[in-house]
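*Asks:* Structure provided below as structure tokens; questions to follow.
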Amino acid sequence: MDDQEWLRLNRANWDDRVRVHVGSEFYDMAGFRAGADPLRPDEVADVGDVTGLRLLHLQCHMGQDTLAWARRGAVVTGVDFSEAAVEVARGLAGELGLAERARFVASDVYEARAALGGERFDVVYTGGGALVWLPDLSRWAEVVADSLRPGGFLYLAEFHPVTDMLDDAGERVVSDYFDTDPGREDFPFTYTDGPELRHTVSVQWRHPLGEVVSAVAAAGLRIEFLRERPRTVFGRFSSLERDESGSYGFPAGRPGVPLMYALRAVRE
């Protein structure tokens, strides 16, 4: 499969998802407009104070996380390959009075450097299901490194690849951790509530944790930490339980596996 085919299929799929996501309870646009914060407390603690920092959010979708960082004082740039998503993000920035602190650019991640005119940032932020849409993590990590000023850092918060091995209940290993062949899927729904998709085909890639760490290190970034976490942001498995904070984890007394991870790496 060449770059143009997977990119065309995934862009059509995500343009269509925007139509569903913008009206979904999952993304809760009304709540966000009213001040709800989609950022997870551990991410906010890991990243630290962003007041006055220039933050680049790769694969930003409709811009809610991006604009949440702007609300915390950052000057933000969001990049996404879906024109439809970028239009929603721009509209949100205008409605919330953040247009002077937030810009959104439509671009494939691999072409982001050209699309941004070579600008460099204090923080590159990404994650939450972003990496599975990219075939080449070495190329991605090079884009990240080239987007950072000296002293700037990458913060990646992602779903742990171990979760791709488990069945729907999260109880049995049913898939090979090291199977990294592209998966072409034809599925009528997105991960939120809402109507069926019209463009149902997508292509995804699995990336073991070692591949992620190695790509970041090979791009010249120094890894400050890698934190594996026992909780996640949605009910990925039927056995997960939701706590008062809204996060999900396995029931008490049951052996756990990492559900998410966070990586921070600095350009020296």
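*Asks:* Just the residues that are assigned to a loop (DSSP other than H, G, I, E, B) and either farther than 24 Å from Tyr191 by Cα or of a type in the set (Asp, Glu) (or both), please, taken from region 115-138.
*Replies:* Within region 115-138, Leu116, Gly117, Gly118, Glu119, Arg120, Asp136 qualify.
*Asks:* Restricting attention to region 131-146, which residues are within 15 Å of Ala215 (Cα to Cα) and not acidic (Asp, Glu)?
*Replies:* Keep residues of region 131-146 that are within 15 Å of Ala215 (Cα to Cα), which gives 131-132, 134-146.
Answer for region 131-146, where residues must be within 15 Å of Ala215 (Cα to Cα) and not acidic (Asp, Glu): Leu131, Val132, Leu134, Pro135, Leu137, Ser138, Arg139, Trp140, Ala141, Val143, Val144, Ala145.
*Asks:* With farther than 18 Å from Val123 by Cα and not hydrophobic (A, V, I, L, M, F, W, C) as the only criterion, which of Gly91, Gly52, Gly63 stands out? Explain how you work it out, then say what you get.
*Replies:* Working: Gly52 fails: farther than 18 Å from Val123 by Cα; Gly63 fails: farther than 18 Å from Val123 by Cα.
Result: Gly91 is the single residue among Gly91, Gly52, Gly63 that is farther than 18 Å from Val123 by Cα and not hydrophobic (A, V, I, L, M, F, W, C).
*Asks:* Still on this model: Restricting attention to region 213-230, and to residues there that are closer than 16 Å to Tyr248 by Cβ and in contact with a helix residue (DSSP H, G or I) (Cβ under 9 Å, 6 or more places away or on another chain), which single residue is surrounded by the most Cβ atoms within 10 Å (Cβ to Cβ)?
*Replies:* Arg229
*Asks:* Continuing with this model, one more query. Give the residues of region 87-111 that are buried (at least 23 other Cβ atoms within 10 Å of the Cβ) and either free of Cβ contacts under 8 Å to residues at least 12 places away in the same chain or more than 15 Å from Met29 (Cα to Cα) (or both), sorted by residue number.
*Replies:* Within region 87-111, Ala102, Phe104 qualify.
*Asks:* Out of all the residues in region 107-125, which are farther than 15 Å from Trp14 by Cβ and among the hydroxyl-bearing types (Ser, Thr, Tyr)? If you could, list the steps in order and put the result at the bottom.
*Replies:* Initially, region 107-125 is screened for residues farther than 15 Å from Trp14 by Cβ, giving 110-125.
Tyr110, Tyr125 - these are the residues of region 107-125 that are farther than 15 Å from Trp14 by Cβ and among the hydroxyl-bearing types (Ser, Thr, Tyr).
Just so you know, all these numbers are worked out from the coordinates, no wet-lab data involved. Every value quoted in this text rests on a predicted model; they were computed, and no experiment measured them. Neighbour counts run over all protein chains shown; Cβ positions are idealised from the backbone, glycine included.
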